[in-house]
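This report concerns only the one structure given below.
The values are calculated or read from the model by the stated rules, or taken from the named source; none is laboratory data. Note that the structure is a prediction, hence the values are computed from the model and not measured. All Cβ positions, even for glycine, are placed from backbone atoms using ideal geometry, and neighbour counts span all protein chains on display.
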């Protein structure tokens, strides 16, 4: 009876890893992906390298395991292809950024692209896609929502009649009576 209560309490608790609250009911493999900058691949690398079962609930983790996970995410010892910032422009190092650091770097990169007026920077400036997608049908934020067939109402019928009268008058002007 006590064992069930302790398991239930551990699953109900919320664990804080790298300033992100994660529910205790989630499995470790999926829960780590809630942190910005941690993909499924990085989450798998954390579980494999630290030897923690990825099906273990986050609420069941001990404080030492949480500390190990935090340390690994700050300084990952994993293959370079897993990192999200390889060959950094300023330092030339391979890094893996997480959380607020990732957001700031991304924002500074976009500002730099805008400043040097590169193609990608201009696309960001205009609010258009920067990776070559077609824009005829999609990315239509600035246009009206509906431009298809509209229902006829009293105003629409009156406007249509006026338009037809104008066309008839133009046709009659060219003919001699």
Would you mind stating whether residue 56 is in contact with a helix residue (DSSP H, G or I) (Cβ under 7 Å, 6 or more places away or on another chain), loosely packed, with under 13 Cβ neighbours inside 10 Å and either assigned by TED's automatic domain parsing to the domain that holds residue 26 or farther than 24 Å from residue 110 by Cβ (or both)?
no
Does the stretch 108-116 include one or more residues that are at pLDDT 85 or above, part of a loop (DSSP other than H, G, I, E, B), farther than 30 Å from residue 28 by Cβ and not assigned by TED's automatic domain parsing to the domain that holds residue 17?
yes
Among the residues of the stretch 71-96, write down those that are within 18 Å of residue 21 (Cα to Cα) and loosely packed, with under 13 Cβ neighbours inside 10 Å.
71, 74
Is there a residue being under 20 Å from the mean Cα position of the chain (by Cα) and at negative phi anywhere in the stretch 60-80?
no
